1. Roughly what angle does helix A:111-122 make with the longest principal axis of chain A, taking Cα atoms, 0 to 90 degrees, to the nearest 10?
2. Please compute the length gained on full extension between residue A:498 and residue A:341, using 0.36 nm multiplied by the number of residues separating them and subtracting their Cα-Cα distance.
3. So, R0 is 22 Å and r is the distance between the beta-carbons of residue A:429 and residue B:10; what FRET efficiency does that work out to, to 0.05?
4. In what order do A:466, A:153 fall by count of nearby beta-carbon atoms within 10 Å, going from fewest to most?
5. I'd like the orientation of helix A:471-481 relative to chain A: the angle between its Cα long axis and the longest Cα principal axis, in ° from 0 to 90, rounded to 10.
6. 7 Å from Cα along Cα→Cβ at both residue B:2 and residue A:182: what's the point-to-point distance in nm?
7. Please compute the modelled spin-label separation between residue A:226 and residue B:58, points set 7 Å along Cα→Cβ, answer in nm with one decimal.
8. Using 0.36 nm per residue of separation minus the Cα-Cα distance, give me the extension gain between residue A:167 and residue A:127 in nm, one decimal.
């Protein structure tokens, strides 16, 4: 398994595609700005440098939007600011002096203000969370588009182009303006209320960032009408100065809010997609998972805790128990669940990550990796305990077998021999009656047969030679008994072996040789036993017809199981016509 | 004939004592363990030692070790070893290179009291006695040898009886053929097995067993 790489160099393919698209957008926007500058310069509505300022502000919106978009791909502030640039450029067309373009400019004249309201309410994620804010933003667009209409519909030429004017009705223009002002004021007031509520709900550190941004946004929106209707007369500003003042205030909006998105530590939602891609390509190990999450969410103090059911509590990546922060403490926690089952938890600094939903989302992304890892660990543990218990059972079985063989040998067989001796004595010396002698001689013969049977039984259960003299002697004996010549190489067999290993190796050789003699028609057999540091290697080879399989008939199935239980390996290499090699490796400690 | 008996199974030991005494042997020592066997032998210098192979303390092959020790320390002592199962390697080890006065029998043979006592005497007199089951195991293992295939069934029987340590006369009696026939068979066997004909019955046992054991 490779070590997990840090998050930086990994880039999801969609990110590359996005950069490409944004580069194109940026260039297109730049082109539009350039075109507008060219169009505006020759116009006579004001000094050239002031006129250029309008598309320049559009450029600022564009630049801020594209930057925010590329750095925070799934944050909507980028697209919003870039769209705002479009409206800016549209509104600035009013200075071009070309009839059709001027009309467009008149229609879009106040839309940039609605964009500022939208930006205000959508900060920091670029989405409008409450239904209330969605209504307000919609109202803002209605006020700036629909309620703007009377101002050009009834303006009369030459203030408005012919196509857009119905009649010259200054009274309706004034009325429309008043309605628009009131409606606009209402929108701004509602915005202020929503922002104030958000401020109150925010923790201290985000509040420090949000308060000035919100205040600046409100000032920017109110600033335009107030500066036009109140300040200008008050301070005696000429139209150029007024325009520059308004432009300056409004130009700061994209800069301030883009900076807020990039630097304010808010909403690193875009990188969660990268986290997902990273998890898919790497082996998400527990320690690396926590680091990756912290990097993704931008909180160095973020910690990932894992639910340990056997402790009924959380542990960290090293298995050390941890406590989740209590609600109201200066750290917050989000629990990760999957299919209703607790998997872990993320504890983080709520001043750095404002949105717990984001943390929960990140948690869901890693939950799958965590769960998979937990299941794998459980599976491994249960498999290990299974292996251990199988080995224990096999050893117990082997011990039983030895005990039985020895009990039979020492106890029962000895007793039968003594009985046979006594009956032999009786038959020979204790009576002169021939009939009785014959009877007793029969008893003796019967006992003799029983002893022979018992001897063979014990040999089948566990050969005495194996118990008394060990594996090497028993294997040599086996080889001697074969009707076909068997070459035995035990030169590398030394050291003591566990009884279970000896028995298994012995029966393996016995079975393999018996099969070779019975089925393969081989003329040369070899047995090789060697002890490496912690393994016993067994090899039985014949030059017969091959084609051996561990099927029921050959008894190799049982041997394979025994080898398996001890944690060893058995392979049968038996190509038809080319002999058979049975190899086994048995672990035997060091 | 003076005998020392080694056997840890009490009832069997007492049975052996009775049996051998009834047969006219003089039991001069008893032991119930391997190391415990050597002392009385060294002390009393018997003609024959009859011992079980498996004895305390380890219950593996103490009796065999003791027998070999006795054979090397007191070469004139005959040794008859009793085992509860067939182990060809023990037979080969015991025979070593001096087959005289060596016996290796299955313990259950004691029940055939006449035959057993005859075997005991034969060994005590310097002959050889190998259990027929040991010999047939040797023969079975050697059936792969081509040379044995050139022997007739009868000759294989004779070979087996030679390996048991029987004399020509005993073989003739057992197979109910004439001693001359036995001699003819044996010379043929010697040719096939490439063994030098030897007047000494004992040496031929060794040669045959060596051949069969590979």
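What follows draws every value from the coordinates through simple rules; no lab data is involved. Please read all numbers here as calculations on a predicted model, not as lab measurements. All Cβ positions, even for glycine, are placed from backbone atoms using ideal geometry, and neighbour counts span all protein chains on display.
1. Taking Cα atoms only, the helix is inclined about 30 degrees.
2. Working: separation 157, 0.36 × 157 = 56.52 nm, distance 4.52 nm.
So the chain would gain 52.0 nm between residue A:498 and residue A:341.
3. On the way: r = 21 Å, r/R0 = 0.96.
For R0 = 22 Å, the calculated efficiency reads 0.55.
4. Numbers: A:466 25, A:153 18.
By the 10 Å Cβ count, ascending: A:153, A:466.
5. 60 degrees
6. Placing both labels 7 Å beyond Cα along the Cβ direction yields 14.6 nm.
7. Those two pseudo-labels are separated by 10.6 nm.
8. On the way: separation 40, 0.36 × 40 = 14.40 nm, distance 4.07 nm.
Between residue A:167 and residue A:127, full extension yields an extra 10.3 nm.
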